[in-house]
Amino acid sequence: DLLLVRVDRVADETQHVLRLLATGGLRVDHAVLSAVADLDSVALDQSLRDAVSANIVRVDGEGYAFRHALRREVLHDDLLPGSHARLHTRYAEVLEAHPEAVSTGSAAAEIAHHWYAAHDLERAFDASLRAADEAQRSYAHAEVQRMLERALALWNQMPDPVATTGGDRADLLVRAASAATDAGELDRALALVDAALDEVDAVA
């Protein structure tokens, strides 16, 4: 409640923009926010100016960032379930259409996050695998591990995960274990290997 006091003092339209920002993460590029928001450029700019003046967000390069991560978290948690799913879906759709708008170059991981948060699990599964492939090309081993473990968590909820991945669950576990090893997470790598062994038919 204390963290939301400053937010409650700004105009309703500014509060709406702040919740859009909170859905996007701690930092959101202006191009992404502009595509996601259902506001004209003048109204969006005014709301952002008000948010900056209220010392809630700050300009960060070509985007905006919350001054305090906890305030962003509280704003995001304050979203109603319908708004939560709708806004995350909107972000996922915008980023899939315009991945170049993400200045950090991590569009695939952000798309996977938004589909997962929107509870569109099939799209989240596919996007997590794509994000793992992208991270692998950048040698971002910890990100590969994180994306593969998310795909593993969704495995049993997929209609045909083998067709999507081209291998069985043991194959994906081994790949995740390899990424964990490369990331220096040896205990986690061993746990993933043990889980992969559990998937194998010992007699066969």
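The values are calculated or read from the model by the stated rules, or taken from the named source; none is laboratory data. Fair warning: this is a prediction, and the values are worked out from it, not measured in the lab. For neighbour counting, all protein chains shown are included, and Cβ atoms are generated from backbone atoms with ideal geometry for every residue, glycine included. Please note that ligands, DNA and RNA were not included when accessible areas were found on the heavy atoms of the full protein model with its side chains. Shrake-Rupley method; radii C 1.70, N 1.55, O 1.52, S 1.80 Å.
Below, the figures for the structure above:
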{"read-out": "Condition broken by His88, with the remaining ones in (1) within 30 Å of Leu3 (Cβ to Cβ); (2) surrounded by fewer than 22 Cβ atoms within 10 Å (Cβ to Cβ) satisfied", "value": "(2)"}
{"read-out": "Selection status of His113, loosely packed, with under 15 Cβ neighbours inside 10 Å and under 30 Å from Gly166 (Cβ atoms)", "value": "no"}
{"read-out": "Of residues in the stretch 85-105 being out of contact with any strand residue (DSSP E or B) (no Cβ under 9 Å at 6 or more places or on another chain) and not in a helix (DSSP H, G or I), the one nearest to Arg146 (Cα to Cα)", "value": "Gly105"}
{"read-out": "Matching entry among Asp120, Asp45 (being surrounded by fewer than 19 Cβ atoms within 10 Å (Cβ to Cβ) and closer than 30 Å to Asp171 by Cβ)", "value": "Asp120"}
{"read-out": "Filter result for the condition that a residue is surrounded by fewer than 13 Cβ atoms within 10 Å (Cβ to Cβ), in a helix (DSSP H, G or I) and modelled with pLDDT under 95, over Ala135, Ala204, Ala108, Ala163", "value": "Ala163"}
{"read-out": "The stretch 138-152, residues that are open to solvent by 70 Å² or more (accessible area, probe 1.4 Å) and either acidic (Asp, Glu) or assigned to a helix (DSSP H, G or I) (or both)", "value": "Arg146"}
{"read-out": "Residue within the stretch 73-84 that is open to solvent by 50 Å² or more (accessible area, probe 1.4 Å), touching a helix residue (DSSP H, G or I) at 6+ places or on another chain (Cβ under 9 Å) and outside any helix (DSSP H, G or I) present", "value": "yes"}
{"read-out": "Matching residues, the stretch 9-26, being in a loop (DSSP other than H, G, I, E, B) and open to solvent by less than 50 Å² (accessible area, probe 1.4 Å)", "value": "Val10, Gly25"}
{"read-out": "Residue within the stretch 34-47 that is under 23 Å from His113 (Cα atoms), aliphatic (A, V, I, L, M) and in contact (Cβ under 8 Å) with a residue 60 or more places away in the chain present", "value": "yes"}
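The rows are residues; the columns are (1) part of a helix (DSSP H, G or I); (2) touching a Lys or Arg at 6+ places or on another chain (Cβ under 6 Å); (3) under 28 Å from Leu121 (Cα atoms).
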residue: Val7; (1), (2), (3): yes, no, no
residue: Val28; (1), (2), (3): no, no, yes
residue: Ser34; (1), (2), (3): yes, no, yes
residue: Arg58; (1), (2), (3): no, yes, no
residue: Leu70; (1), (2), (3): yes, no, yes
